[in-house]
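Bear in mind that the values in this text are calculations on the coordinates, not laboratory data. Just so we're clear, the structure is a prediction, and the values are computed from it rather than from any experiment. For neighbour counting, all protein chains shown are included, and Cβ atoms are generated from backbone atoms with ideal geometry for every residue, glycine included.
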Amino acid sequence: MTKTAMKETAAIPSLDKALAFAGRAHKLFISGHWVEPLEEESFSTENPATGKSLAVVAKATAPDVDRAVAAARAAMNASEWSEMKPAARAKLMFRLADALEANIDEFAALESLDNGKPVRDARYFDLPHAIETIRYNAGWATKLNGESIALSGPGTWHAYTLREPVGVVAQIVPWNAPLAMAAAKIAPALAAGCAIILKPAEETPLTALRLAHLIEEVGFPAGAFNLLTGFGDTAGAALTAHPDVDKVTFTGSTEVGRLILKAAAGNFKRVTLELGGKTPVIVMPDANVAQAIEGAARSIFTNTGQVCNAGSRLFVHQSHFDEVVEGVSKIAKSIKIGSGLDSDTQMGPVISRIQRDRVRGYVNSGVQSGAMLYAGGEELDREGYFVSPTILTNTDASMAVRREEIFGPVLCAMSFGDDELDQIAANANASDYGLGAIIWTNNLSAAHLLARKLKAGTVRVNGGGLDPALPFGGFKQSGWGRENGREGIEAYTETKAVAVAL
Ligand code: ADP
C-alpha cells in the first residue's frame with residue numbers, strides 16, 4: 001500500500017487483521033479440514049478500488065466437488081449431525097453469531113477490501129444483517145414442526161407430518177453482499193439440519209473463508225458445512241449437476257439461474273433461485289416528496305447499484321417529476337466516490353472491469369437510442385472500477401436500460417399523469433422481472449391496492465429494508481421460492497406424511 005493509502009485507512013478498525021487474513025494461504029474446507037484442491041490450482045482476486053491483487057485462493061474443480069458432496073452426505077448419515085437435537089443446533093448457531101459479532105470490524109474491513117463497498121456500509125449494514133439472520137434462523141431450529149391431520153376416510157387414524165431436512169445442499173452466492181448472502185443461505189439450512197457446500201463468488205471469497213474458520217472454531221460436526229472457493233462454470237456447474245446433491249440454492253443473475261435449473265433437472269434437485277430485478281419506485285401525488293427523493297436515491301445508489309432489488313425505474317406523478325428528479329440528481333452529484341476504505345466514501349467502485357464496462361455500455365446504449373443524460377454518465381478517470389451515479393430521462397419501455405438489469409447506479413426516471421391505479425401498476429409491471437416494488441404515498445387505500453396489483457415478491461411502502469423474518473424472492477424471472485421467514489427455512493425441509501390406522 002502507498003503512504004497516502006496508509007494514511008487514509010489508518011483509522012479503519014482491524015484493517016491490519018483483515019489484510020493479514022487476505023494475505024494468508026487459503027485452502028478448501030471439506031469434512032472439517034483445510035485441504036489443498038486435488039488439481040492443486042489457485043486463482044487471484046483483486047481489490048476493485050485499485051485493480052491490484054488482493055488474495056490467492058484455492059480453485060476447486062469437479063474432483064473437489066465430489067469430495068465435498070461426499071463429506072456432506074457422510075455428515076447427513078452420521079448421528080453426530082443428523083441426530084443432534086434442535087436446541088444443540090441452535091446453540092452452535094448462536095455461538096457462530098456471537099463469534100461473528102466479536103470479529104465484526106475485521107469482517108467489515110475484509111468485505112470492503114474484497115467487494116469495494118464502503119467499510120461503514122459493511123460494518124453497519126451487511127454484518128449486523130448477517131448476524132441477525134443467523135440468530136433469527138437459530139430460533140427456528142426448535143420450532144420446525146409438522147402437524148397432526150384429521151382424515152375423513154373410513155377407520156380411525158392418527159395422521160401427522162414430519163419436517164425432515166432436505167439433505168445435501170449446494171449454496172451458490174454472488175459478490176454484491178458476500179457475507180450477508182452467505183448467511184441468508186447457510187443459516188436456514190443449518191437450522192433445518194441440512195449439510196452444506198457453500199460456494200462464494202470467485203470475485204469475493206474472503207468473508208466466506210473467514211466465516212468457515214469461525215464455523216470450525218465453534219464446533220459444528222465435520223461435513224455439516226463445507227466451503228469450496230472456485231469459479232461458476234467449473235465448481236458451480238459441477239455442484240448443480242451433481243447427482244448426490246438434493247437441493248441447490250442460488251442468488252445471482254437470471255441467466256445463470258436458467259443454467260442452474262437445467263443442471264438441477266438430472267436428479268430433480270429442489271431449487272431456490274433469487275435472481276435479477278428491475279424494481280419500480282412509484283411516487284404518488286400525495287407522497288412526502290422529501291422522503292421519496294431521499295429514498296429513491298438510496299435505493300439505486302446504495303452498494304453502487306449492485307443490489308438485485310435496486311430501485312432502477314422511477315415513476316413519478318407529473319406534479320412532482322421535476323422536483324424529484326432534480327432532488328435525486330442533487331444527491332447523485334454530491335455522493336463522494338472512492339475506495340471503501342476511505343472514511344468519507346459514500347459509494348465505492350463496482351466489482352470489476354467487466355462490470356464497469358457493462359454499466360458504461362448500458363448508459364451509452366440508452367443515450368444512443370434517445371435517452372437524455374440528466375446526471376452522471378461521465379467516465380471517471382482513476383485507478384479501480386468506478387462509475388458515476390447516473391440518471392436517464394426520456395427513455396421508453398423498449399430500451400435495454402428500461403428492460404434489463406444493469407446492476408449499477410443507473411436510474412431511469414419517468415413521469416405519469418392522473419392515471420388509474422391499474423395503469424400505474426401496469427407500467428410498473430412491464431418487466432420480465434418481479435422482485436421488488438417501492439411505493440411512496442400517504443394514501444392508505446392507494447398503498448394497499450397498489451401492493452395487490454404489483455407483480456413483485458416484496459412491496460415496500462414509504463421505506464423499509466430487509467429483515468430475516470420477511471420472505472424475500474421474486475415473481476416471474478426474478479426467481480423461484482422465497483428466502484427468509486418461515487417459508488425460507490421450510491424450503492430446506494421435505495414434508496413426510498405419516499398415516500397410522502389405529
Ligand atoms: P453476477 O452476474 O452477479 O456475477 P453470476 O450469476 O454470474 O452473478 O454469479 C453468481 C454466482 O454464481 C457466483 O458464485 C458464480 O461463481 C456462480 N456461477 C456462475 N456461473 C455458474 C454456473 N454455470 N453454474 C453454477 N454457478 C455459477
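Using label points projected 7 Å from each Cα along Cα→Cβ, tell me how many nm separate Asn394 and Arg452, to one decimal.
Placing both labels 7 Å along Cα→Cβ, they lie 4.0 nm apart.
So for Leu198, Leu214, Leu450, fewest C-beta neighbours within 10 Å to most, what's the order?
Ranking Leu198, Leu214, Leu450 by Cβ neighbours within 10 Å, fewest first, gives Leu214, Leu450, Leu198.
May I ask for the distance between the Cα centers of the stretch 429-502 and the stretch 161-199, given as a whole number of Å?
Using only Cα atoms, the two centres lie 19 Å from each other.
Could you check what % of the DSSP bridge pairs in the chain are antiparallel, to the nearest 5?
About 45 percent, rounded to the nearest 5.
State the extension gain, in nm to one decimal, for the chain segment bounded by Ser148 and Met372, taking 0.36 nm per residue of separation less the distance between their alpha-carbons.
Going from the current span to full extension adds 74.5 nm.
Filter Lys336/Lys453; Lys59/Lys262; Lys333/Lys455; Lys27/Lys85 down to the pairs with a C-alpha to C-alpha distance above 26 Å, please.
The answer is Lys336/Lys453; Lys333/Lys455; Lys27/Lys85.
Students often check this: by mean Cβ neighbours within 10 Å, which of 225-235, 437-447 ranks highest, and how do the rest follow?
Most protected by this proxy first, the peptides run 225-235, 437-447.
In whole angstrom, note down how far apart the Cα centers of the stretch 35-63 and the stretch 128-151 are.
Cα centroid to Cα centroid, the span is 35 Å.
Under the rule of at least 5 residues apart or a separate chain, name every residue whose amide H is placed under 5 Å from the amide H of Lys117.
Answer set, sorted by chain and number: none.
Quick check: Cα centre of the stretch 273-298 to Cα centre of the stretch 208-256, how many Å?
Computed from Cα coordinates, the inter-centre distance equals 34 Å.
List every residue whose amide H lies under 5 Å from the amide H of Ser42, counting only residues 5 or more places away in sequence or on a different chain, with H placed 1.01 Å from N in the peptide plane.
Hits under the 5 Å cutoff: Lys59.
Equivalent ellipsoid semi-axes for the chain, as square roots of 5 times the alpha carbon gyration tensor eigenvalues: give them largest first, rounded to whole Å.
38, 31, 19
Once both labels are modelled 7 Å past Cα along the beta-carbon direction, what's the Asp357-Ala102 spacing in nm?
Spacing of the two 7 Å Cα→Cβ label points: 4.6 nm.
Given the rule -39500 (n - 2.57) for each run of at least 4 DSSP H residues, summed and divided by the residues of the chain, what is its mean residue ellipticity at 222 nm, to the nearest 500 deg cm²/dmol? If you can, show how the numbers build up before the last one.
Values: 18 runs with 196 residues, N = 502.
Rounded to the nearest 500, the figure is -12000 deg cm²/dmol.
Can you give the net charge of the other residues whose Cβ lies under 14 Å from the Cβ of Gly464, counting K and R as +1 and D and E as -1?
On the way: positive: Arg298, Arg460; negative: Glu294, Asp467.
Computed value for this residue: 0.
Apply the a/c threshold of 1.5 to the C-alpha gyration tensor of the stretch 48-125 and tell me whether it is rounded, prolate or oblate. List each step's numbers first, then the result.
Details: a/c = 4.42, a/b = 1.41, b/c = 3.15.
Judged from the Cα gyration tensor, the stretch 48-125 comes out oblate (a/c at least 1.5, b/c at or above a/b).
By average Cβ neighbour count within 10 Å, what is the ranking of 186-192, 203-209 from highest down? Present the calculation step by step, with values, prior to reporting the outcome.
Working: 186-192: 28.4, 203-209: 25.4.
Listed from highest to lowest mean packing, they are 186-192, 203-209.
Need one word for the stretch 178-275: rounded, prolate or oblate. Basis is the Cα gyration tensor (sqrt eigenvalues a ≥ b ≥ c); a/c below 1.5 gives rounded, then a/b vs b/c decides.
Here the stretch 178-275 falls in the prolate category.
Once amide H atoms are placed 1.01 Å from N in the peptide plane, what residues at a sequence separation of 5 or more from Gly223, or on another chain, have their amide H within under 5 Å of its amide H?
Ser31, Gly32
Mind sorting Asp344, Asp105 by how few other Cβ atoms lie within 10 Å of their own Cβ, fewest first?
Least crowded to most crowded, the residues run Asp344, Asp105.
Return Met84, Met284 ranked ascending by Cβ neighbour count within 10 Å, so the fewest neighbours appear first.
On the way: Met84 19, Met284 22.
In order of increasing Cβ crowding within 10 Å: Met84, Met284.
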